[in-house]
1. Tell me, yes or no, whether the range 194-211 has at least one residue that is farther than 14 Å from residue 154 by Cα and touching a residue at least 60 places away in the same chain (Cβ under 8 Å).
2. Are there any pairs, at least 6 apart or on different chains, whose C-beta atoms fall under 6 Å, with the first in the range 493-509 and within 13 Å of residue 353 (Cα to Cα) and the second in a loop (DSSP other than H, G, I, E, B), and if so, which?
3. I need the full set of residues from the range 130-151 which are under 15 Å from residue 203 (Cα atoms) and touching a helix residue (DSSP H, G or I) at 6+ places or on another chain (Cβ under 6 Å), in order please.
4. Kindly indicate which of 323, 272, 298 is touching a residue at least 24 places away in the same chain (Cβ under 8 Å) and in contact with a helix residue (DSSP H, G or I) (Cβ under 8 Å, 6 or more places away or on another chain).
5. Scan the range 455-478 for residues that are within 29 Å of the chain's Cα centre (by Cα) and at pLDDT below 85 and jot them down.
6. If you scan the range 514-525, which residues turn out to be modelled with pLDDT of 85 or more and more than 14 Å from residue 364 (Cβ to Cβ)?
7. Out of curiosity, is residue 137 under 30 Å from residue 229 (Cα atoms) and buried (at least 16 other Cβ atoms within 10 Å of the Cβ)?
8. Filter the range 250-284 down to the residues that are out of contact with any strand residue (DSSP E or B) (no Cβ under 6 Å at 6 or more places or on another chain) and in a loop (DSSP other than H, G, I, E, B) and list them by number.
């Protein structure tokens, strides 16, 4: 509809111009009179104005003539570096529940996805044999206690015999002193006394043995009760049953290793992803880096997480070394299940609100005609500008500036002789940049060597910070589409970059500038 309106306007304008033009052509011969001539000149001016208006309308609706280049604008936005990986979703704590006893499953009280609490019974073994063992242990304990009581009674009896023997010994000794009884009777009484003492010692030893036997039987009874209690398999934590491998009537054989009956995840509302990151990318990841991930079952939903740990243990599979990166995330709505594969994007660095250009623009080089240069400097001009910037940044004194300038002049003279010794004339003419690198004569290196001995501690600290920031950038050349449709070269410095954009740190470039990213191929005829 908008195109039809423009065409209607164009036809009306053409008709409006054509009619006066024909009329003027027919009466041109009649305009010999000066008065009529002045009227004709006024009409002619109106015709020229109408013709210019029609040309403007035509230019507004005519498509622009192609320049032969694909362009993209410099924009202000964010640049982020991303490391992509994948890994399974896991709960933080998973407990494998097994049985320490062998027997037949009598009851199963928990199933898949059951929420359990600490102490809840999950399953029970047939306890008939274990109950019999408890009864036997209780009977053995009763026998041991009875034997202890018998030994204690024997001790009392032995003590009474000893007491009677000692009294008889006393009487026989008194009679022997008066010569009433024989020596043999006295010896018999002494022997009986010693025998009674020995009997007491034996009985006391037997009592200690009986007491130990009682403790042993008590321990066996406790062990039998513990085994009976273990026939009831309970949950050690609060959580959710994620696996069950046992049914009623199944026989559990616990010989060298406890068989797994249940697996319980402690809290599925908080999960982690164990992602494997290649050794080439793991150095850029740090604890606290934000991460996003998706799972195949929810392709349109983006989950968020954060790097909780970068594990140092390497994982080597077929000469490929990876490292485990743990990413913690919330699962409040329980949409993520254990074992799901998460496709993770870890953001290792980010710059916001920066002037950025497409990375493709840095790779474009025009062919054919030379581009118009803008923003390029001669070597001496660039050195002077850098010196002025450092003078303002470091607040250099006039003496420091003069001393540094003298050192630069002296180094410039030495450089000419050094280059003549190090590099052949053919190599210098063929590759001047390489020849300069061989001589170690970059302007920044010469300025640094001349300034460093002159700086104070505060100035040196400021200079090191400026140098670190400068070293984090690099020079680059891009091409902007000029008003004449030809590429114009711009020399800039770029810093932070990712696979799509590069940050423009300095240079003659601003937002909305049309950057050339590639040239269109000419169609073959």
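1. yes
2. 505/473
3. Residues satisfying the conditions are 147, 148, 151.
4. 323
5. 465, 468, 469, 470, 471, 472
6. none
7. yes
8. 253, 254, 255, 256, 257, 267, 269, 280
The values are calculated or read from the model by the stated rules, or taken from the named source; none is laboratory data. Keep in mind it's a predicted model, so treat the numbers as computed, not measured. So basically every Cβ, Gly included, is an ideal-geometry build from the backbone, and we count neighbours across all protein chains shown.
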